[in-house]
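Worksheet for the structure shown next.
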């Protein structure tokens, strides 16, 4: 099994206007993941993360809980091949 992985998450619920992107960036930085997070026009938040497969479970679990003001109702998870396209984890505005 490859050591690195990539995942695209779409999070639904009360996930915008509650510092979800900042929470996600701090979490990704702490776990050594690269990629991005952004608010989508439909009210969801999308995060793409690449890094050590061993870090992905904790990343996904923490995002399912979210920051204190958030209420995550569902998460779509799509595993992708790692691209190596990201130098860091960024917030898309």
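Just so it is clear, none of the values below were taken in a lab; they were calculated from the coordinates. Note that the structure is predicted; figures quoted are calculated from it, not measured. Because the Cβ atoms are built from the backbone with ideal geometry, glycine has one as well, and the counts that use them run over all protein chains shown.
For this structure, a couple of remarks:
- Residue list for the stretch 7-36, filter: within 10 Å of the chain's Cα centre (by Cα), touching a residue at least 60 places away in the same chain (Cβ under 8 Å) and not in a helix (DSSP H, G or I): 7, 8, 9, 10, 11
- Candidates 51, 35 - the one that is more than 15 Å from residue 92 (Cα to Cα) and surrounded by 13 or more Cβ atoms within 10 Å (Cβ to Cβ): 51
To keep it simple, each residue is scored yes or no on (1) touching a helix residue (DSSP H, G or I) at 6+ places or on another chain (Cβ under 8 Å); (2) closer than 12 Å to residue 11 by Cα.
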site	(1), (2)
35	yes, no
40	no, yes
43	no, yes
51	yes, no
57	no, no
63	yes, yes
68	no, no
71	no, yes
76	no, yes
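- Residue 13 passes every criterion in (1) surrounded by fewer than 17 Cβ atoms within 10 Å (Cβ to Cβ); (2) touching a strand residue (DSSP E or B) at 6+ places or on another chain (Cβ under 8 Å) apart from (1).
- In the stretch 38-48, the residues that are surrounded by fewer than 21 Cβ atoms within 10 Å (Cβ to Cβ) and part of a strand (DSSP E or B): 38, 39, 46
- When restricted to residues that are surrounded by fewer than 12 Cβ atoms within 10 Å (Cβ to Cβ) and under 20 Å from residue 4 (Cβ atoms), the stretch 54-65 contains 3.
- Residue match in the stretch 66-84 (condition: part of a helix (DSSP H, G or I) and either exposed (fewer than 15 other Cβ atoms within 10 Å of the Cβ) or on the phi > 0 side of the Ramachandran plot (or both)): no
- For residue 4: the one exception among (1) within 22 Å of residue 85 (Cβ to Cβ); (2) touching a residue at least 40 places away in the same chain (Cβ under 8 Å); (3) within 13 Å of the chain's Cα centre (by Cα): (3)
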